[in-house]
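**Q** One structure is given below, represented as structure tokens, and several questions about it will come after.
The values are calculated or read from the model by the stated rules, or taken from the named source; none is laboratory data. Predicted model, so just to flag it, every value in this text is computed and none were measured. Heads up, the Cβs are rebuilt from the backbone with ideal geometry, glycines too, and the neighbour counts pull from every protein chain shown. When the accessible area is computed, the model is the full protein with side chains, heavy atoms only, and any ligands, DNA or RNA have been set aside. Shrake-Rupley method; radii C 1.70, N 1.55, O 1.52, S 1.80 Å.
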Amino acid sequence: MITKMKKLTTLVYHREYEQFLTELQKLGVVHVQPQQEGTVAPDSHLQAELNKVKDVQTAIEALKPLATTSGNTTSVAQGEAALDSYQQVLGQQKQLQAECDHLADVLKHVEPWGDFELNEVSALSDIGYEMTFFTTTPKAYAKQEAVWNSEGRYTFVISQTKGACNFVVIAPKGTVGQLEDATRVEAPTMTATPCREQLEALKVQYAETEVQLHTLATEHLSDLQAYEADLRSHVQFDQAKLDTTSAADDTVMILEGWTPVQKAEQVQSFLQDSGVCYEMRDPVKGDNVPILLRNNWFTRMYEVLTGMYGMPDYNEFDPTPIVAPFFTLFFSYCIADAGYGLVLVLLGFLFKKKLGPSMKGMMNLVITLGIATTILGAVFGTFFGVNLTTLNLPEWAQGLMITGKVGDTVYDKTMLLSLAIGVVHLIIAMTVKAIKNTVLFGFKQSLRDWSWLLLIVGFIAIYGLQWMKVISTDVSAIAFYVVGGIAAVGIFLLNNLKRNPLINIGAGLWDTYGMASGLLGDVLSYVRIYALGLAGGMLGGVFNQLAMMTKGDAWWGWIPCILILLFGHTLNIAMSCLGAFVHPLRLNFVEYFKNSNYEGSGTEYAPLHVVQAGE
């Protein structure tokens, strides 16, 4: 649900404003109303702080995997010094890497020519000769050697591989020219051994910088985190100053903000003690009220999914209490394997312990989804791709399973169940939409929504009562006419009380076409959760069959059998989890949000506060 907010407006004398803002930040419960639009100026102080925050966060992410401990201090000053050290080491690494890459290219060029005295090559020039370097194929060299050695030229093979022959030509200056079937290469400026030694020395220096990074990570990671938190606190403070307007020739500073109603008394007490003028009131239409969600322990885990789409508007309903149970159901339906569910539960507990408090909420969600998958997988009769109905289970256990076809039809029970779940999901969405429009615009302006809801729910209820033989066919026929007639009046005549009835009829016909085609497509979309569960179960069964085929009678046959089972089910779990996340998310974001008229245009409540390390 959405927490109720109070609008706060304060007037503060300009000389006391920074102190007031500092104390307000320590209070940590007031969301400052933004006053400026657009981007931050590139050369502004705030932009410089934002850039510094990014630099520190980059350093933290790079050093975190290198830390053996989290450090014993949380000094902002040491964190700032550690950032400078990190950037210096990073600069050294980039320079060393560039030099290593250059020397590696040089070594690749000079290595075929081995080691020789460069000054001796230069000495040839004093006696009128020069040494020229060539490369060709061994076959071409054997064919042209006699030609190349004529007319005072002498060739010497320096190195030879299967595909290349590297040789030099010593001849009087200006007589070598270009040799046929050979490629002239640039003379080496250094020889292989010195080049290799320099490259190794640079690699040693690079390794030393790696040690420095490990030391920084171990000794100052917590300092960097404290520095990053301090910087973000300063960013919040400066942003709040920018979001302040002035009056009375800049002598009075006006700050607007929001606070939850539960914190209103605490804020009032603070303002009274500060001696500033203030006004606190309820939101009115047109206010951009920040959104703070307040849900129970189960629903709270799914708030991250709501945030992925967008926070609700203050006048909307929080969709999280609906998203939570249906996302859980859709996720478990897409996997529908009790064994895979147990794997998710185990992974959730394992990573919850390893990753620490920062990932506790996410791992609790994984555990919850794993438990739901285990339960639904057992109900659907699948365990690591094994069909449980083929096992000799007690009758009471088999009676709890939903498997097989519906009566004498060719339709799977689980397929029809997925469609039924989709209908319920869409009806809830339409109900939320009707209630929302009633709250915002009044009952008269939402008659169209209630009429469609009456038509769909009424027809389903009447058909269900007739199918269960609670009412007779004659009674159900009368009920269909009554419900359809009442709904038709709202759909075709009262869909907009401010328009001409003839226009309403035309709009109702168009609306009917849209609802008929749209709802049918929306309901059929829910078949995807059945299809994904079926595909995952079949693929798991295929891996089981492949593994059993390789086992044979010999004991060593268990080795490929176990390898296939491990690889196959690991791959299947990964693919199933990917589909089980994406498609349930789509069913909520597209089918549900569309039919509930959810906009998700709200702004998340972000109070001005002192940021703590690791937050």
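Yes/no matrix, rows are residues, columns are (1) over 21 Å from Tyr526 (Cα atoms); (2) out of contact with any strand residue (DSSP E or B) (no Cβ under 8 Å at 6 or more places or on another chain); (3) without any contact (Cβ under 8 Å) to a residue 12 or more places away in the chain:
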residue	(1), (2), (3)
Val379	no, yes, no
Gly407	yes, yes, yes
Lys413	no, no, yes
Ile421	no, yes, no
Met430	no, yes, no
Phe441	yes, yes, yes
Gln445	yes, yes, no
Leu455	yes, yes, no
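**Q** Among the residues of the range 573-615, what is the count of those that are part of a loop (DSSP other than H, G, I, E, B) and buried (at least 21 other Cβ atoms within 10 Å of the Cβ)?
**A** Residues meeting the conditions: 2.
**Q** When the residues of the range 124-158 are narrowed to those that are open to solvent by 30 Å² or more (accessible area, probe 1.4 Å) and assigned to a strand (DSSP E or B), which ends up nearest to Thr183 (Cα to Cα)?
**A** Only one residue tops the list, namely Thr135.
**Q** Applying the selection to the range 459-471, what residues are open to solvent by less than 60 Å² (accessible area, probe 1.4 Å) and either under 25 Å from Phe441 (Cβ atoms) or part of a loop (DSSP other than H, G, I, E, B) (or both)?
**A** Once the filter is applied, which keeps residues that are open to solvent by less than 60 Å² (accessible area, probe 1.4 Å) and either under 25 Å from Phe441 (Cβ atoms) or part of a loop (DSSP other than H, G, I, E, B) (or both), the range 459-471 yields only Ile471.
**Q** Please return the ranges of helices (runs of 4 or more DSSP H) entirely within the range 230-314 where 1 or more residues are within 15 Å of His14 (Cα to Cα).
**A** Counting at least 1 such residues, we get 264-274.
**Q** Would it be correct to say that Tyr530 is touching a helix residue (DSSP H, G or I) at 6+ places or on another chain (Cβ under 6 Å), within 25 Å of Tyr309 (Cα to Cα), open to solvent by less than 20 Å² (accessible area, probe 1.4 Å) and among the aromatic types (Phe, Trp, Tyr)?
**A** no
**Q** If Thr191 passes every condition in (1) in contact with a helix residue (DSSP H, G or I) (Cβ under 9 Å, 6 or more places away or on another chain); (2) over 30 Å from Ala104 (Cβ atoms) but one, which one does it miss?
**A** (2)
**Q** For the range 187-204, name all the residues that are surrounded by 15 or more Cβ atoms within 10 Å (Cβ to Cβ), over 21 Å from Phe133 (Cα atoms) and out of contact with any Cys (no Cβ under 9 Å at 6 or more places or on another chain).
**A** Gln198, the sole residue that qualifies.
**Q** So in the range 17-47, with the set limited to residues that are outside any loop (DSSP other than H, G, I, E, B) and at pLDDT below 85, which one is nearest to Gln236 (Cα to Cα)?
**A** Leu46
**Q** If you don't mind, there's one more thing I want to ask. Of these, Ser446, Ser476, Ser451, which one is among the polar types (S, T, N, Q), over 18 Å from Thr431 (Cα atoms) and part of a helix (DSSP H, G or I)?
**A** The conditions single out Ser476.
**Q** So, one more: Would you confirm, using the coordinates I've provided, whether Gln225 is touching a helix residue (DSSP H, G or I) at 6+ places or on another chain (Cβ under 8 Å), open to solvent by 40 Å² or more (accessible area, probe 1.4 Å), in a helix (DSSP H, G or I) and at pLDDT below 90?
**A** Considered against the rule, which asks whether it is touching a helix residue (DSSP H, G or I) at 6+ places or on another chain (Cβ under 8 Å), open to solvent by 40 Å² or more (accessible area, probe 1.4 Å), in a helix (DSSP H, G or I) and at pLDDT below 90, Gln225 comes out as yes.
**Q** In the range 479-536, how many are over 38 Å from the mean Cα position of the chain (by Cα) and not in a helix (DSSP H, G or I)?
**A** So the count comes out to 7.
**Q** What number of residues within the range 265-310 satisfy the criterion of being touching a Ser or Thr at 6+ places or on another chain (Cβ under 9 Å), of a type in the set (A, V, I, L, M) and closer than 20 Å to Leu587 by Cβ?
**A** Residues that pass the stated criteria total 2.
**Q** Would you confirm, using the coordinates I've provided, whether Arg184 is open to solvent by 30 Å² or more (accessible area, probe 1.4 Å) and part of a strand (DSSP E or B)?
**A** yes
**Q** For the range 313-331, what are the residues that are buried (at least 16 other Cβ atoms within 10 Å of the Cβ) and free of Cβ contacts under 8 Å to residues at least 60 places away in the same chain?
**A** Thr320, Ala324, Thr328, listed by residue number.
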